[in-house]
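Take a look at the structure set out below.
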Amino acid sequence: MTAQEPPGPLAGLEQAAHLHSLAERIHHAADDLPAPRSTHSLASISEDVEDQVRVIAGVFASLAHEAAVHGRAAKQHPGAADALAHRKVALMTRAADPLGWALAKLGEAVAQIGRLQEVSVSPRTPERAQAIDTARAALDDRLFSAHRHLTDAAGNLHRDADLLVAAASGARRGPTAPPAHRNRTPAARPVPTPVPLTASRTLR
């Protein structure tokens, strides 16, 4: 394809497939986060959070890399990048905002895990029990928020992929709905418990 040729439908399909692939990675990370009020041990929750922080940070880094590579190419070869490539990068990087919030919430979750680990070895007192309840409620709230931001990011990428295909082919397509199993049931979504000001600060 020369720089003067408009991108064909195949290019749009390939780029949309890239967005769908990223969306699936994010969906899997959301699915693999510990559910709020999980009965798993704190050690197991800690390991699951660690694993998904690594996955999400990797996706976040790939978005930043994609934007940087595209920017360098556009600077070195003005006019070579087609409008579809610009559109793809713009749609991809929109996911960076909710991913960043998800990482921030998981950072707060890690802080609450550390707090729980600290309190659990202190003498058994009513104050200790209250501190554990407070930290656990904050942990659940942060996990719930991180899951919400991840599902938002993945859902947006799926919809944006459909826009990319439509732009390339000139056809109107309905948005791709995420699979039903991606969304936790309402019973697994507790109403966030108010957290005292002494707990980790809520960002969003």
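The values are calculated or read from the model by the stated rules, or taken from the named source; none is laboratory data. Just so you know, these numbers come straight off a predicted model, no measurement behind them. Because the Cβ atoms are built from the backbone with ideal geometry, glycine has one as well, and the counts that use them run over all protein chains shown. With ligands, DNA and RNA removed, areas are computed over all heavy atoms of the protein, side chains included. Shrake-Rupley method; radii C 1.70, N 1.55, O 1.52, S 1.80 Å.
A few notes on this one:
- Per this entry, Ala109 is not counted among residues that are modelled with pLDDT under 95 and out of contact with any strand residue (DSSP E or B) (no Cβ under 9 Å at 6 or more places or on another chain).
- Subset of the range 82-118 [open to solvent by 50 Å² or more (accessible area, probe 1.4 Å) and small (Gly, Ala, Ser)]: Ala83, Ala111
- For beta carbons closer than 8 Å, sequence separation of 6+ or different chains, a first residue in the range 93-104 that is aromatic (Phe, Trp, Tyr) and a second that is not in a helix (DSSP H, G or I), the qualifying pairs are Trp101/Leu203; Trp101/Arg204.
- Per-region count, the range 34-57, residues within 11 Å of the chain's Cα centre (by Cα) and either of a type outside the set (A, V, I, L, M) or surrounded by 19 or more Cβ atoms within 10 Å (Cβ to Cβ) (or both): 3
- Residues within the range 1-28 that are touching a Leu at 6+ places or on another chain (Cβ under 6 Å) and at pLDDT 85 or above, tallied: 4
- Of all residues in the range 53-68, those that are farther than 13 Å from Leu106 by Cβ have Cβ atoms under 9 Å from Cβ atoms of residues that are among the polar types (S, T, N, Q) and modelled with pLDDT under 90, 6 or more apart or on another chain, in Leu63/Thr93; Ala64/Thr93; Glu66/Thr93; Ala67/Thr93.
- Selection status of Ala161, buried (at least 19 other Cβ atoms within 10 Å of the Cβ), over 28 Å from Ala57 (Cβ atoms) and modelled with pLDDT under 90: no
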